[in-house]
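Take a look at the structure below.
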Amino acid sequence: MKTIPYKLLITILALTATLFASCSGGSEKTGDNAVTKETTGKEKSQRLELSAEQMKTVGITIGPIEQKNLDAVVKANGQLAVPPQNKADVSILSGGIIGNISVLEGQQVKRGQILATIKNQDLIKLQQDYLAAKSNFTYVQAEYERQTQLKAAGAGTGKSFQSAQATFNAESSRIAAYESQLKQLGISPGKISNGNIVSQFPVLSPINGTIGQISANTGAFVQPGTSIMEVVDNSKIHCDLTVFEKDLMRVKVGQKVSFQLTNQDNQVISGTINGVNKSFENESKGVIVHAVINNKEQKNLIPGMYVTALISTGSKMTPAVPVDAIIRSEGKYYIFEVVANSNNKVTFKKAEVTAGATELGYVQIKPLTDLPANVQIATKGAFYLESKAAGGAEGE
């Protein structure tokens, strides 16, 4: 076995070290290029360009960062209601068989409109008694006028005049009572006087409004005082909110209220506090607060709808965006800022923010970097933009 000379061994080791160093340096250079490329791809993925047609297709909308009063508020729950004078139970004064129901649930009606007809045999006897009283009154009236003339001429007796006067007054009262009963049943006494006797009477609407639940059917016998349907006038609908004791001192008449309809795609309407009860509701330690609703958009509001409300108790405003405008990624919150809007194309860029209170579909935010004045953001569709950004990064 031959031994490698010492000097030759040193030379071989030196060449090996130089070659290894050269290879390592090339790898680091290649790594630097990879980092640069990755960074460039990341920056590129943060900007998204969409056409107007794409935005319309996926439902992306843009708008400003709004100022919302999300701090100085009292949150309350409640439901919509109508005042007692705007809700009526349609009852009948005299029992009978329902001959016809001329309306449907949900139909708009006017005050005095015929809703149904009731057949009643006693109605015929009432009309007969009225006509008999009217016929008898003709003789009573003539006798009273004759005794009045005799008394004026000094030819009659006081007893005869007093008897005629008492009979006249009694018959007048009797006829007036019959006419009152007929009018309450919706029958014109004048038509009966002409011989038009009817066997049924109409049921009239007591107010303007919408027909609610109809609780009777054609042909059914109903007792006097029975409610056969209801009429509701929603034009004066208001909201009854429950405010608990800890917040009661902060709520006053005249404060503005924002309502969110729980089961109506979170629609928001406004109103004003117009009354605060002075007693607690049962054992809930809650007080009912009444608020009138500003329904200029004529939304379909129905008594009994549940609402969530924010009562403004201060004037502090804070930047806020709709909940669909903010996304959470890796524990951080972002919005999408519009950095360019021209040539029918919109360019977005992610901007990190901190998120605060969430109320009535809005989230309080604070941008971590200064945004331009009157900046526009994606108010709806941030989730789609985030998905597209993530897909772009993967593609890079």
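The values are calculated or read from the model by the stated rules, or taken from the named source; none is laboratory data. Quantities reported herein were computed from a predicted structural model and do not represent experimental measurements. Every residue, glycine among them, receives a Cβ derived from its backbone with ideal geometry; neighbour counts consider all protein chains shown.
Structural remarks
- Listed here are the strands (runs of 3 or more DSSP E) enclosed by segment 275-367 that have at least 3 residues being at pLDDT 90 or above, surrounded by 14 or more Cβ atoms within 10 Å (Cβ to Cβ) and in the same structural domain as Val243 (by TED's automatic domain parsing): 286-294.
- For segment 113-214, the helices (runs of 4 or more DSSP H) that sit wholly inside it and include 3 or more residues that are within 30 Å of Pro84 (Cα to Cα), out of contact with any Pro (no Cβ under 6 Å at 6 or more places or on another chain) and of a type in the set (S, T, N, Q) are 158-184.
- Reported count of residues in segment 59-109, each being part of a loop (DSSP other than H, G, I, E, B), among the hydrophobic types (A, V, I, L, M, F, W, C) and closer than 30 Å to Glu245 by Cα, is 3.
- Some residue of segment 34-44 being at pLDDT below 90 and assigned to a loop (DSSP other than H, G, I, E, B): no
- Of the criteria (1) within 30 Å of Asn234 (Cα to Cα); (2) touching a residue at least 60 places away in the same chain (Cβ under 8 Å), which one Ser102 fails: (2)
- Taken as a whole, the structure places Glu245 among residues that are acidic (Asp, Glu) and more than 24 Å from the chain's Cα centre (by Cα).
- Here Ser270 meets the list (1) touching a helix residue (DSSP H, G or I) at 6+ places or on another chain (Cβ under 7 Å); (2) more than 29 Å from Gln213 (Cβ to Cβ); (3) not acidic (Asp, Glu) almost entirely, failing just condition (1).
- Here Leu185 passes the criteria (1) surrounded by fewer than 17 Cβ atoms within 10 Å (Cβ to Cβ); (2) of a type in the set (A, V, I, L, M, F, W, C); (3) in contact (Cβ under 8 Å) with a residue 60 or more places away in the chain except the one numbered (1).
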